[in-house]
Amino acid sequence: MSDSQFSQDTDDDDFGGYIKIDRYNQDRIDSLKDNYRNVLKQLGEDAAREGLLKTPERVAKAMLYLTHGYELNAEEILNSAKFREDYSQMVVVKDIEVYSMCEHHMLPFFGKAHVAYIPNGHVVGLSKIPRVVDVFARRLQVQERLTNEIRDCIQQTLNPVGVGVVIECRHLCMSMRGVQKQNSVTTTSAFTGEFLKEKTRTEFLNLISSKLS
Ligand SMILES: Nc1nc2c(ncn2[C@@H]2O[C@H](COP(=O)(O)OP(=O)(O)OP(=O)(O)O)[C@@H](O)[C@H]2O)c(=O)[nH]1
Ligand SMILES: [Zn+2]
């Protein structure tokens, strides 16, 4: 599968510049479209009424967008902007928006990720950290695995002195349905190396709870 199928160029793309309508994706859209037309019928809708005519195609494209992380390679993203640099303090990128989908109900969960690492000879372009979060978030997930996958990818690719990841999310499957708790937030965390030590972890947690203004 080529990298070009999902790109951020806006020229000849569709849906926010992520889904290229090439042969491969057109086949996926067509197949999903047929399935979603059936879903509408099963839900008791008239799939032929005007307001719903294009809905199966819209949903197909939306679902491909919401799961486009499967098409991306997080290691490649990090390696594409890995720079030798003599900086050995903690680097923290906090308040990274997360939009993901729970694998149990295929309903959204969303919130923030906070990611830190302590370089070991190499730093990475700052924007690549949120990009890595998106690679793993834009799939069917559970929050715990999402947290671990971000940690493991950064650890394996940059080989830093340590990595810390904290994610805080609201799950629509817990508010729109099921237990129907509107205000609960789930926090998960994953650490390696220096972050396993209390002093480093406390510094990280203090930095992510501080406000700029
Ligand atoms: N650990 C974890 N659980 C999740 C996540 N997202 C959704 N869930 C849970 O997945 C579980 C699935 O449990 P089931 O009992 O099979 O599903 P269910 O009958 O729909 O459960 P209820 O939501 O309690 O109605 C639920 O407890 C959800 O809250 C997640 O990211 N991590
Ligand atoms: Zn769920």
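Just so it is clear, none of the values below were taken in a lab; they were calculated from the coordinates. Since we're looking at a predicted model, the values are computed, not measured. A quick note on method: Cβ atoms are made from the backbone with ideal geometry, for glycine too, and the neighbour counts reach across all protein chains shown.
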Residues in the stretch 186-213 that are part of a loop (DSSP other than H, G, I, E, B) and exposed (fewer than 12 other Cβ atoms within 10 Å of the Cβ): how many?
4
The stretch 109-129, residues that are in contact with an Asp or Glu (Cβ under 8 Å, 6 or more places away or on another chain) and under 17 Å from E76 (Cβ atoms)
H122
Just the residues that are among the small types (G, A, S) and either assigned to a helix (DSSP H, G or I) or closer than 19 Å to I208 by Cβ (or both), please, taken from the stretch 101-129.
G111, A113, A116, S127
Here are some conditions: (1) touching a helix residue (DSSP H, G or I) at 6+ places or on another chain (Cβ under 8 Å); (2) more than 16 Å from ligand 1 (Cβ to nearest atom). I167 meets all but one. Which one does it not meet?
(2)
Pick from V92, V123: which is more than 30 Å from V179 (Cβ to Cβ), in contact with a His (Cβ under 8 Å, 6 or more places away or on another chain) and among the hydrophobic types (A, V, I, L, M, F, W, C)?
V92
With E50, E85, E71, E103 as the choices, which residue is within 16 Å of ligand 2 (Cβ to nearest atom) and either touching a residue at least 24 places away in the same chain (Cβ under 8 Å) or surrounded by fewer than 15 Cβ atoms within 10 Å (Cβ to Cβ) (or both)?
E103
